[in-house]
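Inspection log for the structure reproduced underneath, given as C-alpha cells.
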Amino acid sequence: MRLALFDLDNTLLAGDSDHAWGDYLCERGIVDSSVYRARNDAFYQDYLAGTLDVQAYQDFCQEILGRCEMEQLQQWHQEFMRDRIEPILLTKGEDLLAEHRAAGDKLVIITATNRFITGPIAERLGVDDLLATECEMQDGRYTGRSTDVPCFREGKVTRLNRWLSENGLTLDGSSFYSDSLNDLPLLECVARPVAVDPDTKLRAEAEKRGWPVISLR
C-alpha cells in the first residue's frame, strides 16, 4: 500500500494551527495576552527560521492543558475549530486528499503540532492516521507536558519509522507534501517529495533537486 503523507500547517491549512491556538487563547482572555502573544510570536519566528527549540515550545504551549479541565478544553477547541480552523481549510487541499484516497493510498497527517490541537482537525479532514507531538496524560487529564519524541524535523522520521514498523508498512512509492524546510529530513526519505506553497528556503531546495512545487492556495 502506498502512503500519502501530509504536513498540516501551511500545507493543508492556509495558516498555522499551533500559532492560531495561541492567538485564540489571547483573544478569549484565557491567558495574559500581552505576555503570551509575544512569546508565541517569538517561537513562531524561530520555527520559520529553522531554529525552534521544540521542547521549550511544547513546555510553553502545553502548560494551559495541564491546568484546565478536559470539558473546558473541549469546549474551547470546538470554538477554535469553528472560528479559526474552518476559515483556513483549503479546498484544494481537501481535493488532493480525495485524489489520493480514490487512488487507494493510505493517508497520514504528520505534524509537529500537538495531538490536542490536531486530532479534531485530522478528523474533520477525514484522515484516520495522525502522527503528532504527543501530550502526556495522567488520571484522565493532561499534565501540561509533552511525551515521546517530538514530531519535528528528524523526530518526524523517527516517529514515522516506528509507525511503519508497527503497521508492517514501507515508504515504497510514498509521497510527502510539506511547505517547510524543517521537513527536509522526511522529504529526503520518500519516493515523491512535493513542496507545497513552500517557504523561500524549501522552494530553493526543491528547485535545486527537481522536486515538484505546487500551490493549494
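What follows draws every value from the coordinates through simple rules; no lab data is involved. All values derive from a computational prediction rather than experimental measurement. A quick note on method: Cβ atoms are made from the backbone with ideal geometry, for glycine too, and the neighbour counts reach across all protein chains shown.
For Ser174, the residues whose modelled amide H falls within less than 5 Å of its own, excluding neighbours fewer than 5 places apart on the same chain, are Leu3, Ala191, Arg192.
Once backbone amide H atoms are built at 1.01 Å from N, Asp129 has Ile109 as its partners under 5 Å, excluding neighbours fewer than 5 places away on the same chain.
Working note: Karplus 6.51/-1.76/1.60 with θ = phi - 60° gives the range 203-211 the couplings 4, 4, 5, 5, 5, 5, 8, x, 7 Hz, where Gly and Pro are set to x. Taking the charge dipole of the range 1-70 about its Cα centre, with +1 at Lys and Arg Cβ atoms and -1 at Asp and Glu Cβ atoms, the residue from Phe43, Val54, Leu3 reaching farthest to the positive side is Leu3.
Assuming 0.36 nm per residue, please report the length gained on full extension of the stretch Glu63 to Gln75 beyond their Cα-Cα distance. Gain on extension, Glu63 to Gln75, equals 2.6 nm. Each label was represented as a point 7 Å from its Cα along the Cα-to-Cβ direction; for Arg37 and Thr143 these points are 3.3 nm apart.
3J(HN,Hα) couplings calculated from phi for the range 41-53 with the Karplus curve 6.51 cos²θ - 1.76 cosθ + 1.60 (θ = phi - 60°) are, in sequence order, 5, 5, 4, 5, 5, 4, 4, 4, 7, x, 10, 5, 7 Hz; Gly and Pro show x. A Gaussian network model of the chain, with springs between Cα atoms under 10 Å, assigns the largest mean-square fluctuation among Leu13, Leu160, Leu48 to Leu48. Once backbone amide H atoms are built at 1.01 Å from N, Tyr142 has no partners under 5 Å, excluding neighbours fewer than 5 places away on the same chain.
Here the 3J(HN,Hα) profile of the range 181-193, calculated from phi with Karplus coefficients 6.51, -1.76 and 1.60 at θ = phi - 60°, is 4, 4, 8, 3, x, 7, 4, 6, 8, 9, 6, 9, x Hz, Gly and Pro shown as x.
The simple Förster model, with R0 at 22 Å and r as the Cβ-Cβ distance, assigns Tyr44 and Lys201 a FRET efficiency of 0.85.
Within the straight-line cut-off of under 22 Å between alpha carbons, the lysines reachable from Lys156 are Lys106, Lys201, sequence neighbours fewer than 8 places apart in one chain being disregarded. Only one item in (1) 17.7, 54; (2) 16.8, 50; (3) 17.7, 58 matches Rg and Dmax of the Cα atoms in Å derived from the coordinates shown, and that item is (2). Helix-only arithmetic for the chain: the sum of -39500 (n - 2.57) across DSSP H runs with n ≥ 4, divided by the residue total, places the mean residue ellipticity at 222 nm at -14500 deg cm²/dmol. Placing a label point 7 Å from the Cα of Leu169 along the Cα-to-Cβ direction, the residues of the range 80-111 whose backbone N falls under 11 Å from that point are 105-110. Dipole check for the chain: with +1 at the C-beta of Lys and Arg, -1 at the C-beta of Asp and Glu, and the Cα centre as origin, the magnitude is about 420 Debye.
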